[in-house]
Amino acid sequence: PPVAALSAILIAVGFILPHAGQYLHDRWRIRLAHRELRPLYRLMREVHGEGVPFALRATPELRLIRRETFIRDVLLPLARHIDAGLGSRSYDAALALGHPPERARALAAAVCV
């Protein structure tokens with residue numbers, strides 16, 4: 001019986017641990033994305049004049065969605081002023097400087113804005 005009890009505990013831990021790890025990883029990824037958007041959010045809040053209202057009981061997923069939506073809504077009026085040719089030229093220049101494609105795309109978008 002003691003060995004059976006120990007094996008039952010090990011089986012339960014082996015079943016629960018991967019699920020808990022995945023849940024914690026997803027939470028960490030959401031909080032990291034929320035934190036990485038903070039400088040752009042602050043800049044957009046200065047331009048727009050107001051930010052997303054604080055909701056005390058909002059989940060991290062909802063906070064991330066609200067922050068992303070706010071940034072997109074503030075950038076929407078700028079869409080007609082963005083030069084696509086400048087974006088493609090800056091993307092090519094970033095690739096020529098040795099940046100990876102994802103970073104080059106981000107730099108090109110920043111130049112366009």
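Rule-based calculations on the coordinates, nothing more; no lab input. What you see is a predicted model, and the numbers here were worked out from it, not measured in a lab. Note that each Cβ is placed from the backbone with ideal geometry, even for glycine, and that neighbours are counted across all protein chains shown.
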Using Cβ contacts closer than 10 Å as the measure, can you line up Val113, Val3, Val74 from fewest to most? Val3, Val113, Val74
What residue among Ile30, Ile11, Ile71 shows peak mean-square fluctuation when the chain is described by a Gaussian network model with Cα springs under 10 Å? Ile11
Low-density loop cleavage sites - chymotrypsin sites (Phe, Trp or Tyr not before Pro) in the stretch 53-110, where at most 15 other Cβ are within 10 Å (DSSP): Phe54
On C-alpha positions alone, give me the angle between the axis of helix 60-75 and the longest principal axis of the chain, in degrees, nearest 10. 10
So how far apart, in nm, are the two label points at Glu46 and Val3 if each is 7 Å from Cα heading toward Cβ? 6.9
nm² value of the averaged projected area, convex hull over the Cα atoms of the stretch 61-113: 4.2
How high is the relative contact order of the chain? Use alpha-carbon pairs under 8 Å, at least six apart in sequence, and give a whole percent. 21
Set the Förster distance to 35 Å, then compute FRET efficiency between Ala33 and Ala12 from the Cβ-Cβ distance, nearest 0.05. 0.60
The rounded separation in angstrom of the Cα centers of the stretch 1-38 and the stretch 66-88 is 38
Taking every other residue with Cβ under 15 Å from the Cβ of Leu86 and scoring Lys and Arg +1, Asp and Glu -1, one gets +1
Just want the ordering: His25, His99, His48, from fewest to most Cβ atoms lying within 10 Å of their own Cβ. His25, His48, His99
Treating every alpha carbon of the chain as one equal point scatterer without solvent, the Debye formula yields log10 I(q)/I(0) values at q = 0.22 Å⁻¹ of -1.17
Calculate the spin-label point distance for Tyr23 paired with Leu76, positioning each point 7 Å from the Cα along the beta-carbon direction, and give it in nanometres. 3.6
How far, in nm, would the chain grow between Arg57 and His99 when pulled straight, counting 0.36 nm per residue and subtracting the alpha carbon separation? 11.1 nm
Helix 84-96 sits at what angle to the longest principal axis of the chain, using alpha carbons and giving 0 to 90 degrees rounded to 10? 60
